1. Restricting to segment A:1-43, what's the tally of residues that are farther than 21 Å from A:SER361 by Cβ and at pLDDT 50 or above?
2. Just one of the numbered conditions (1) more than 10 Å from every other protein chain (Cβ to nearest Cβ); (2) under 35 Å from the mean Cα position of the chain (by Cα) is not true of B:ASP73; which one?
3. Please state which one of B:LEU11, B:LEU27, B:LEU35 is buried (at least 18 other Cβ atoms within 10 Å of the Cβ) and away from every other protein chain (no Cβ under 13 Å).
4. Grab the strands (runs of 3 or more DSSP E) fully contained in segment A:58-153, keeping just those with 3 or more residues being more than 11 Å from chain B (Cβ to nearest Cβ).
5. Considering only segment B:55-70, I want to know if a residue exists there that is within 11 Å of another protein chain (Cβ to nearest Cβ), modelled with pLDDT of 85 or more and in a helix (DSSP H, G or I).
6. Hey, can you tell me all the residues within segment B:181-208 that are touching a strand residue (DSSP E or B) at 6+ places or on another chain (Cβ under 9 Å) and aliphatic (A, V, I, L, M)?
7. Scanning segment A:154-164 for residues that are in a helix (DSSP H, G or I) and among the aliphatic types (A, V, I, L, M), which turns out farthest from A:TRP203 (Cα to Cα)?
8. Which residues, taken from segment A:100-112, are modelled with pLDDT of 75 or more and in contact with a helix residue (DSSP H, G or I) (Cβ under 7 Å, 6 or more places away or on another chain)?
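The values are calculated or read from the model by the stated rules, or taken from the named source; none is laboratory data. The shown structure was predicted, so the numbers you read here are calculated from the model rather than taken from an experiment. FYI the Cβ positions are ideal-geometry reconstructions off the backbone, even for glycines, and counts take in every protein chain you see.
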Amino acid sequence: MNVASMSQSDVPGMAHSPLQRPVQLPIEFTGSGSEYFRIWIVNIFLLIITLGIYYPWAKVRRMRYFYGNTLVDGTPLGFHGNPRTMFKGSMLVGVLFGLYSAASNASPMAGLIALVIVAGIWPALLKSSMQFRMANTSWRGLRLSFTGTLGGAYAAAMPLFIPAILIIGLASFAPEDAAPKENMWLLWTMAGIMLLCIAITPWLLWNLKRYQHNNYALGSLQTTFKATALDFYKLSGKAIGVAVLSVLASGAVFWLIAFGLATSGGGNDSASLGIASVFGMGFGFFVGMAVVFVVLKPYTIAKIQNLVWTKTGNSSMRFISKLSVRALLWQTIKNWCLVVITLGLYWPFAAVAMARLRLESVFIKSNIDPLALFGAARVNEGDAAGDAAGDFFGIDMGL
Amino acid sequence: MDVPDTPLSALYFDGTSARGHAVQLHLRQGVLRVLGDGIDRSAPIARMQWPERTRHGMRIAHFPDGGTVQCSDVQAWDQWSLAGGHSESWIVTAQQSWRWVGASVLALLMVLVSIQLWGLPAASRYVVAATPLTVDSALGETTLAAIDQTWMGPSKLSEEEQNRLRAAIARNLAPLPAGTLPEWKLLFRQSHIGPNAFALPGGTMILTDEMVELVQGDDKVLTAVIGHELGHVQHRHGMRMVVQSAVLGSLGAVLFGDFSTVLATMPILLGQAQYSRDAEREADAYAVHVLKAASISPAVMVSMFERLQQYQQDQADKKKGASDTPGTAATRQEKTDANEEEDSPLGMAFSSHPADAERIRFFKDAAQ
């Protein structure tokens with residue numbers, strides 16, 4: 001669901017005719033839930049009876065359906081991924097993933113080593129995943145590309161490595177069986193590192209998004225990313241505020257309900273009040289967690305999408321994303337309820353509705369005639385293993 | 001030069017410019033020819049990326065070396081494409097027909113149920129049989145270290161008592177034919193979990209002090225308990241659980257993983273509960289086998305269950321006595337509700353052990 005953006009760059013001999021007035025290129029999603037349902041169910045059936053070998057073919061069918069129904073200015077995106085190439089990548093990554101799980105099951109030490117190795121190659125996989133995804137996407141016959149370098153990927157993932165190195169260093173430096181009292185400093189240092197991890201998360205996210213959004217290209221045109229780390233910190237602050245508020249609100253509601261039950265029950269003594277407040281707090285906690293998941297996730301998704309895409313582009317062409325938190329929240333609640341009621345069968349309808357909502361809230365503002373765009377004849381296709389790794393290790397950072 | 005009779009109007013993009021060109025497409029014997037103003041190129045469609053029939057979306061075909069044709073009149077495209085020698089894959093037919101989709105849903109359900117009922121238990125037995133016993137031992141040691149740190153303390157039983165029980169149990173097991181018993185080792189621990197016994201992969205079994213107290217050190221009853229745990233060791237249930245949860249976990253990930261990780265773990269919980277009940281039944285059968293060889297009546301297990309139930313009742317009463325609040329009537333009601341739930345079919349779906357009543361009946365029948 002990546003929509004590459006473009007901005008003018010000064011390549012010699014490449015003149016884009018400026019327009020009198022900027023035009024808006026709308027993004028439209030024409031997929032249908034009932035049709036995707038049929039694709040999905042056949043995919044799952046084939047996946048299970050082939051013991052997963054069908055996976056790349058299933059993915060290509062899914063991607064081609066979603067891409068083909070994403071119309072940018074009336075023209076659909078094309079997905080060119082070749083399932084046979086992707087199959088080889090999946091096999092390689094599947095073996096890697098199998099070794100990784102086996103190592104984590106075998107012993108904590110082997111698991112740690114496997115984790116370090118995966119973390120070490122993660123940026124490289126991110127880079128080839130992005131490269132593969134972009135190179136296999138086209139619009140009006142022009143292939144997109146991803147221009148990020150390997151060094152850039154490692155630089156972007158830097159904030160991930162700092163606490164990891166600190167923790168490993170501390171773990172190897174710490175005495176094995178010291179008394180808990182002597183170990184107080186160790187606990188405090190660990191707590192400090194945890195805090196540091198939380199504190200640098202927005203910075204890490206900004207770094208990764210900057211790496212991606214600075215490097216999308218359509219032919220000679222490349223995007224730039226104008227959001228700052230401060231924007232990401234502000235957004236995180238707001239998200240934390242939303243989480244705290246929703247927990248407090250749901251806690252209060254449940255305490256009130258419990259209080260009401262206790263008093264209406266006639267037993268107005270302190271014991272039943274105590275039971276009621278324990279009941280209220282217990283339920284409040286679980287509902288609070290649920291509310292955080294239901295409210296916080298759509299809130300962050302909407303805010304990040306709007307921030308990241310609206311800050312992508314430059315004076316000639318840019319993305320504008322106006323995804324409404326309320327609409328996304330409503331869609332999320334609706335999807336959750338229907339998926340649970342239908343025991344999962346509503347899921348493809350939910351996926352289509354989500355894609356429609358998120359894609360159609362984006363449009364492109366252009367100062368140049370999009371028809372005057374030219375692309376490079378051939379782009380580096382990257383590595384299908386990176387794409388498969390994206391699916392296995394969750395490094396797909398698209399949209 | 002012969003050109004088929006029914007050309008199709010489409011847009012052609014050359015792959016270097018975003019500008020589209022109006023062209024006529026000709027398809028004959030699987031070869032596409034694009035003709036337009038200054039454009040004339042052709043390629044066999046087997047080498048192109050050819051679109052599949054869908055109800056929504058346009059048709060885009062990609063040349064292998066760049067260049068794209070695009071058509072928004074999908075019905076015209078589909079007819080033209082079939083007439084020109086493109087054969088549709090059966091998967092596309094299936095995806096576009098509700099009848100086929102209904103059949104897929106049914107087949108999927110049947111496949112999932114068979115995997116749960118037969119496929120997975122058989123597969124895990126096979127995988128575990130191929131796994132060397134050293135893996136069991138290594139897993140058992142790691143688990144023992146972990147539980148010693150969290151819920152177990154050193155046993156308060158005297159060394160003599162521990163050795164007496166080990167010797168008595170070994171004596172009771174002696175009549176079993178040589179080579180049919182798995183390797184075993186018995187450890188005693190004090191625990192926070194009350195009277196209990198469990199087996200770790202690799203043959204290490206743990207008896208809690210509270211269990212020894214509950215049966216007042218009766219070695220016949222303890223042989224029955226150990227016989228049940230030996231059943232778990234003999235059938236390598238611990239290892240089979242590991243294999244089964246891995247497979248159930250990946251199935252869950254395929255079905256629901258991209259929607260919700262919470263939903264994805266449901267198959268593990270529900271599926272494992274059933275396997276765990278089956279494993280308990282197998283272990284009970286093994287316990288009966290051990291007791292018969294040792295000429296001990298399986299009825300000892302019945303008395304163990306009765307003492308265990310008495311113990312649970314006492315614990316509940318103790319709790320009731322400690323909290324002297326008006327809510328006691330409600331607590332007692334809850335307690336009986338919980339007991340009833342244990343035996344109800346709903347309780348069975350979520351519980352890891354067969355209901356006590358069923359197990360008591362099993363041992364009573366075996367005693368006759």
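1. Of the residues in segment A:1-43, the ones farther than 21 Å from A:SER361 by Cβ are A:8-21, A:34-35, A:37-43.
Among the residues that remain, those that are also at pLDDT 50 or above are: A:16-21, A:34-35, A:37-43.
Within segment A:1-43, residues that are farther than 21 Å from A:SER361 by Cβ and at pLDDT 50 or above number 15.
2. (2)
3. On the way: B:LEU11 fails: away from every other protein chain (no Cβ under 13 Å); B:LEU35 fails: buried (at least 18 other Cβ atoms within 10 Å of the Cβ).
It is B:LEU27.
4. Details: elements: A:70-72, A:75-79, A:137-139, A:142-146.
Fully inside segment A:58-153 and qualifying: A:142-146.
5. No, that holds for no residue.
6. Just the residues of segment B:181-208 that are touching a strand residue (DSSP E or B) at 6+ places or on another chain (Cβ under 9 Å), to begin with: B:184-200, B:202-208.
B:LEU186, B:LEU187, B:ILE193, B:ALA197, B:ALA199, B:LEU200, B:MET205, B:ILE206, B:LEU207, listed by residue number.
7. Let us first name the residues in segment A:154-164 that are in a helix (DSSP H, G or I), namely A:154-156, A:158-164.
Subset that is among the aliphatic types (A, V, I, L, M): A:155-156, A:158, A:160, A:162, A:164.
On the way: A:ALA155: 12, A:ALA156: 10, A:MET158: 10, A:LEU160: 10, A:ILE162: 12, A:ALA164: 15 Å.
Residue satisfying both the conditions and the ranking: A:ALA164.
8. A:TYR100, A:ALA103, A:ALA110, A:GLY111
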